[in-house]
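Visitor: Pasting a structure here, questions to come.
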Amino acid sequence: MNTQNLLEKLFNEGNCLTYDWKFNARRKTEKMCEQFMLENPHSFCFVQNNKVPLPLLKHTDFQYFSNGALVICMWPQCADEVTEKARKILGLHGYVIKDVYAPQNKEEWQDYFKLLIDICDKTRELPVNDEDLTLRTFNSPAEFADYCFNGSNVLLTASKDKIFEPKYRKILALFSNGLYMVDEQYKHSDNFYGDVETKFFEDCVCNEPMLQPLYVPQIYLQALYQRAKQYNWYSSPEDAAKNMPQVKDSELETAAQYAEDILPNRKCVSILTPRIIYRDILLDEILTSPDYHRYVLFADGKLVLSQKYYSNERKQKHLLEDLKRSFPYMQFAVELVPDYCIDYLYQEIYKRQKSARDIYLEMMRQKAMLISTVFGVPVVLAQDAAAQFVGWKNWQEMQTVTIPHARHLIANQQNLDRRMEKNGYQNDVIYNAMAYFDLLKAQNIPYENSQAVYRQLKANLANARANK
């Protein structure tokens, strides 16, 4: 199959309406929003591209062109399902599918995968002109809700016709026309919150087509669920929780027996996210996150996988390859179990080993002690500084950390430790000393050891230069 000819035909006869145009103009759009938010601190905005109205989140599934051509990269048995998803979301926005280009057999799948990669590469060469960009602004959460619910749009994550765990309402909102809102705290995968939970929702939980996310303030997200209460399709968080599949007593007995059989004399090594080291950097935690990949790994190589997500051998293979990079000498013994067994195993493991939450809180206590020593401030004040540095409001709020969040924050600390060691610093408090100075100053906390800290910083800088 000559994909080059088809690629040229697609772009000669139409414009791609679904590609990630922000890749070409990220800084430009950020500046537009930053300027608006600086002048209107309580408002919200995002940038639209009039030539690319439907930038999709999962653009490797399909791409759509203005002449009605739909290009799909899926196994033949899945192509019809993806076509109907595409038809649904495109139809809601006024577009019609006229021609479908999809693999007819497994051999052609590789060709279409290459074609979609080539489409992505070609669109990244396309210019984004200022006249094509529109700044969409909202002066209040209510005004934003008007926009989102326009045209009988249904908030799927609060609908009684869909089964989504109510916990997702705190961080995201997905509408029937593909509009997808995410709490702005999740905007960067390496930030305080991270994107493991949103990534799991997008890839594993949600089977609906969605546009690229709009990152919105929490108050704007809350306004959407408040507005949803007005509609007869609305389901309260309590009702949604009741409608979630419940683990039966017989299944709990099965999980308990399974845990009793395999847990004695075994140590779990997926309490924290195993990390892959490539050269001298740690790769993205999402590659091996037990929260995203739904597995339990033990030190003897016993690898328990969720049957729900790993019945596909190809998916198993990808995870095994990544775990092998984390544990190159480990021999894996794979076993598939019902998904509820994964949660039950971890509950039982936490009775025997420290959880990620326990480890994180202890790590932060040690850091607070270090800040107290380095800067000469009382421990109770150093605690708030330690918490605020990584994104918490204060030490008390930090106690609310969940296990998945703790795993992510520990991974962040591992990344920081790697950078610190590479630059020749003895600890990360000294490495980030100027930021801690600013935190202490903002709280009007006197610190006694400033001169000693400056001397240490000077010594570390000299050492880092000498090692280059």
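The values are calculated or read from the model by the stated rules, or taken from the named source; none is laboratory data. None of these values were measured; they are calculated from a predicted model. With ideal geometry, Cβ positions are generated from the backbone for all residues, glycine too; neighbour counts draw on all protein chains shown. With ligands, DNA and RNA removed, areas are computed over all heavy atoms of the protein, side chains included. Shrake-Rupley method; radii C 1.70, N 1.55, O 1.52, S 1.80 Å.
Yes/no matrix, rows are residues, columns are (1) touching a His at 6+ places or on another chain (Cβ under 9 Å); (2) of a type in the set (A, V, I, L, M):
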residue	(1), (2)
Asn5	no, no
Asn12	no, no
Asn15	no, no
Trp21	no, no
Ala25	no, yes
Thr29	no, no
His42	no, no
Lys51	no, no
Leu54	yes, yes
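Visitor: Which residue pairs have Cβ atoms under 7 Å apart, sit 6 or more places apart or on different chains, and have a first residue in segment 318-342 that is in contact (Cβ under 8 Å) with a residue 60 or more places away in the chain and a second that is outside any helix (DSSP H, G or I) and open to solvent by 50 Å² or more (accessible area, probe 1.4 Å)?
Guide: Tyr340/Val247
Visitor: A further question follows. Could you go through segment 230-249 and let me know if any residue there is at pLDDT 90 or above, within 30 Å of Leu283 (Cβ to Cβ) and surrounded by 20 or more Cβ atoms within 10 Å (Cβ to Cβ).
Guide: no
Visitor: If you don't mind, another one. How many of the residues making up segment 298-344 are touching a Cys at 6+ places or on another chain (Cβ under 8 Å) and of a type in the set (Phe, Trp, Tyr)?
Guide: Here the count works out to 2.
Visitor: Of the numbered conditions (1) part of a helix (DSSP H, G or I); (2) surrounded by fewer than 16 Cβ atoms within 10 Å (Cβ to Cβ); (3) in contact (Cβ under 8 Å) with a residue 60 or more places away in the chain, Lys367 satisfies every one except a single condition; which is it?
Guide: Answer for Lys367: the failing condition is (2).
Visitor: Please pick out the residue among Pro245, Pro290 that is within 30 Å of Thr157 (Cβ to Cβ), in contact with a strand residue (DSSP E or B) (Cβ under 9 Å, 6 or more places away or on another chain) and touching a residue at least 60 places away in the same chain (Cβ under 8 Å).
Guide: Pro290
Visitor: Suppose we keep only residues that are in contact (Cβ under 8 Å) with a residue 12 or more places away in the chain and closer than 12 Å to Met398 by Cα within segment 345-362. Which one would you say is most open to solvent (accessible area, probe 1.4 Å)?
Guide: Residue satisfying both the conditions and the ranking: Arg357.
Visitor: Among the listed residues Arg227, Arg275, Arg294, Arg279, which satisfies the condition of being basic (Lys, Arg), under 30 Å from Lys422 (Cα atoms) and touching a helix residue (DSSP H, G or I) at 6+ places or on another chain (Cβ under 7 Å)?
Guide: After applying the criteria, what remains is Arg275.
Visitor: Now for a separate question. So which of Leu92, Leu115 ends up being open to solvent by less than 70 Å² (accessible area, probe 1.4 Å) and on the phi < 0 side of the Ramachandran plot?
Guide: Leu115
Visitor: Right, next: Which condition number does Ala406 fail, the rest of (1) more than 25 Å from Asp291 (Cα to Cα); (2) crowded, with 19+ Cβ neighbours inside 10 Å being met?
Guide: Of (1) more than 25 Å from Asp291 (Cα to Cα); (2) crowded, with 19+ Cβ neighbours inside 10 Å, only one is false for Ala406: (1).
Visitor: Take segment 154-168 and flag every residue that is surrounded by 21 or more Cβ atoms within 10 Å (Cβ to Cβ) and part of a loop (DSSP other than H, G, I, E, B).
Guide: Phe164
Visitor: I've got another one for you. If you take the residues in segment 132-151 that are among the hydrophobic types (A, V, I, L, M, F, W, C) and part of a helix (DSSP H, G or I), which one is surrounded by the fewest Cβ atoms within 10 Å (Cβ to Cβ)?
Guide: Ala142
Visitor: For segment 293-302, indicate whether the set of residues that are open to solvent by 40 Å² or more (accessible area, probe 1.4 Å), in a loop (DSSP other than H, G, I, E, B) and either touching a residue at least 12 places away in the same chain (Cβ under 8 Å) or within 13 Å of Leu345 (Cα to Cα) (or both) is non-empty.
Guide: yes
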